[in-house]
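As structure tokens, the structure follows; a few thoughts come after it.
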Amino acid sequence: MILIGIGIDVVEVSRIKSSLDEFGDRFRSRIFTEAERSYCDRQKRPELHFAARFAAKEAIAKAFGTGIGKEIGWLELEVIRKESGEPEVRLTGSAAAFAESRGVDRVMVSLTHAKHYAAANAVVLG
């Protein structure tokens with residue numbers, strides 16, 4: 001495998017919490033898949049988990065070198081948990097097509113969060 005790209009992002013949890021409070025389902029359904037929303041909503045502090053997934057999506061888009069936009073949309077990047085607890089990335093739609101056209105075999109992500117910040121690293125391999 002070869003390294004295609006790496007990305008990193010840090011998010012203030014308060015910023016995500018403000019968006020969740022102010023825009024509610026409109027924000028949630030625009031940025032997060034149903035599976036992501038379901039997982040985050042089951043947690044003691046959902047805003048931490050939403051913030052980590054927001055950071056992950058930004059980090060993945062940076063690793064692809066595109067940002068969020070034409071090639072990769074928010075809902076086409078999904079961060080779920082394996083039974084082991086390890087985060088897993090699922091690409092759908094144009095993001096999956098874009099990845100395939102670039103010879104991507106695997107997208108890996110690492111998430112972390114603390115009281116005030118969430119962060120993610122992403123690695124794209126081909």
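Things worth noting here:
- Exactly one residue out of THR66, THR112 is within 30 Å of MET1 (Cβ to Cβ), at pLDDT 95 or above and among the hydroxyl-bearing types (Ser, Thr, Tyr), and it is THR112.
- From PHE23, PHE32, PHE98, PHE50, residue being over 30 Å from ILE2 (Cβ atoms) and more than 14 Å from the chain's Cα centre (by Cα): PHE23
- Search result, residues across the range 62-75 that are buried (at least 21 other Cβ atoms within 10 Å of the Cβ) and closer than 15 Å to ARG30 by Cβ: ILE72
- Qualifying positions in the range 1-22 - within 20 Å of HIS116 (Cα to Cα) and out of contact with any Lys or Arg (no Cβ under 8 Å at 6 or more places or on another chain): VAL10, VAL11, GLU12, SER14, ARG15, ILE16, LYS17, SER18, SER19, ASP21, GLU22
- Output for the range 3-20, where each listed residue is acidic (Asp, Glu) and over 14 Å from the mean Cα position of the chain (by Cα): GLU12
- Among (1) surrounded by fewer than 12 Cβ atoms within 10 Å (Cβ to Cβ); (2) in a helix (DSSP H, G or I) - the single one LYS44 does not satisfy: (2)
- The set of residues in the range 1-46 being free of Cβ contacts under 8 Å to residues at least 60 places away in the same chain and among the acidic types (Asp, Glu) consists of ASP21, GLU22, ASP25, GLU34, GLU36, ASP41.
- Residues of the range 81-114 satisfying the condition of being of a type in the set (Val, Ile, Thr) and surrounded by 14 or more Cβ atoms within 10 Å (Cβ to Cβ): VAL89, VAL104, VAL107, VAL109
- Of all residues in the range 11-41, those being touching a strand residue (DSSP E or B) at 6+ places or on another chain (Cβ under 7 Å) and either assigned to a helix (DSSP H, G or I) or under 22 Å from ARG106 (Cα atoms) (or both) number 5.
- Total residues in the range 76-100, condition within 23 Å of CYS40 (Cα to Cα), among the polar types (S, T, N, Q) and either part of a helix (DSSP H, G or I) or modelled with pLDDT under 95 (or both): 1
The values are calculated or read from the model by the stated rules, or taken from the named source; none is laboratory data. Because the structure is a prediction, the values reported are computed rather than measured. Using ideal geometry, Cβ is built from the backbone for each residue, glycine included, and neighbour counts are taken over all protein chains shown.
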